[in-house]
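Worksheet for the structure shown next.
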């Protein structure tokens, strides 16, 4: 704090957000204090220069329409690939539930799938994807081994291969 | 439609058409984020595409729409950090250098060249964290709340750091500028 003006007050004043009473106090002080006035003036000018230079920099990296379209096409292709994989994963999850239900009941099978997801990198059934499928399936096999025995676990493992 | 409307439309419908409109609005800025941090064109495009893919999948998770740009820059920043971790150290040095060479040649208008060059030069006087803060504030125009989200620090810390950087730069800029101090306020209306 210099001359009774805190950093918070300087920030608020420079941003034009200081309460009227405090603003009057600072401006009254500036009239009698060249040091504080010069400091304010210098920082305010700096901010204005940074604003202008920042704006110029925003315009300094051109992007052609061709580049934009090419990148958009690549991202859209990736999205569509991901969507196909998601459909396959959902179908496989339904299949696993159908395989496990006769061995341990539908509710338990659903809970086992959720528990396996929580114990895998996906952390939730909603986030199980083709990329994290193998650790999820390993987790499910371990759970199935306890609930349905080794034969049931093997069946789960085989049924779950993408 | 402005950027905010485009974002709302995408979040509402989730269609590819809406995403394409959002892509057109955001991609140039995301790509620029990487170019201005010293990446070559190919790497900048790859990382910008990664960011846009994440936008498609996770934009709905941003609860406060006003902070979307802060979230976007946070995603971009994480992508950049991951990229740097995969790269050998000399790339860090490239990111610190003033704007010059091929990037300088890309400048579109002479006045912008001057100002953008000044900006790049000033950045060389700053620490990496300070530089990131100033770029996000003055190039990406993030609010204090957006900066806090992007940099994962409290808003008060953002304000304090930014104030200190402005103080630091004020000495540097005034040394390199012919500007004189404004007329003393005894003769000004305050």
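The values are calculated or read from the model by the stated rules, or taken from the named source; none is laboratory data. Worth saying up front: this structure is predicted, and the values here are computed from it rather than measured. Note that we place each Cβ from the backbone using ideal geometry, even for glycine, and neighbour counts take in every protein chain shown.
Residues in the range B:141-190 that are facing another protein chain (nearest Cβ under 8 Å), in a loop (DSSP other than H, G, I, E, B) and modelled with pLDDT of 90 or more: B:141 alone. Does the range A:12-21 contain any residue that is facing chain B (nearest Cβ under 7 Å), closer than 21 Å to residue B:171 by Cβ and either touching a helix residue (DSSP H, G or I) at 6+ places or on another chain (Cβ under 6 Å) or surrounded by fewer than 14 Cβ atoms within 10 Å (Cβ to Cβ) (or both)? Within the range A:12-21, not a single residue is facing chain B (nearest Cβ under 7 Å), closer than 21 Å to residue B:171 by Cβ and either touching a helix residue (DSSP H, G or I) at 6+ places or on another chain (Cβ under 6 Å) or surrounded by fewer than 14 Cβ atoms within 10 Å (Cβ to Cβ) (or both). Take the conditions (1) buried (at least 19 other Cβ atoms within 10 Å of the Cβ); (2) more than 30 Å from residue B:128 (Cβ to Cβ); residue B:16 misses just one of them, which is (1). Regarding the range A:32-44, can at least one residue be identified that is over 30 Å from residue B:171 (Cβ atoms), more than 7 Å from every other protein chain (Cβ to nearest Cβ) and modelled with pLDDT of 90 or more? Checking the range A:32-44: not a single residue is over 30 Å from residue B:171 (Cβ atoms), more than 7 Å from every other protein chain (Cβ to nearest Cβ) and modelled with pLDDT of 90 or more.
Conditions tested, residue by residue: (1) over 20 Å from residue A:72 (Cα atoms); (2) at pLDDT below 90.
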position: B:50; (1), (2): no, no
position: B:62; (1), (2): yes, yes
position: B:69; (1), (2): no, no
position: B:72; (1), (2): no, no
position: B:81; (1), (2): yes, no
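Is it the case that some residue within the range A:80-101 is in contact with a helix residue (DSSP H, G or I) (Cβ under 6 Å, 6 or more places away or on another chain) and more than 20 Å from residue A:157 (Cβ to Cβ)? No, the range A:80-101 contains no residue that is in contact with a helix residue (DSSP H, G or I) (Cβ under 6 Å, 6 or more places away or on another chain) and more than 20 Å from residue A:157 (Cβ to Cβ). Out of all the residues in the range A:85-105, is one or more within 14 Å of another protein chain (Cβ to nearest Cβ) and either in a helix (DSSP H, G or I) or surrounded by 13 or more Cβ atoms within 10 Å (Cβ to Cβ) (or both)? Yes: one or more hits.
Conditions tested, residue by residue: (1) over 15 Å from residue B:140 (Cα atoms); (2) away from chain A (no Cβ under 11 Å); (3) exposed (fewer than 15 other Cβ atoms within 10 Å of the Cβ).
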{"position": "B:6", "(1), (2), (3)": "yes, yes, no"}
{"position": "B:12", "(1), (2), (3)": "yes, yes, yes"}
{"position": "B:20", "(1), (2), (3)": "yes, no, no"}
{"position": "B:27", "(1), (2), (3)": "no, no, no"}
{"position": "B:30", "(1), (2), (3)": "no, no, no"}
{"position": "B:33", "(1), (2), (3)": "no, no, no"}
{"position": "B:38", "(1), (2), (3)": "yes, yes, no"}
{"position": "B:50", "(1), (2), (3)": "yes, no, no"}
{"position": "B:53", "(1), (2), (3)": "yes, no, no"}
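Candidates in the range B:118-133 are the residues that are under 23 Å from residue B:145 (Cβ atoms) and in contact (Cβ under 8 Å) with a residue 40 or more places away in the chain; of these, the one that is nearest to the chain's Cα centre (by Cα) is B:132.
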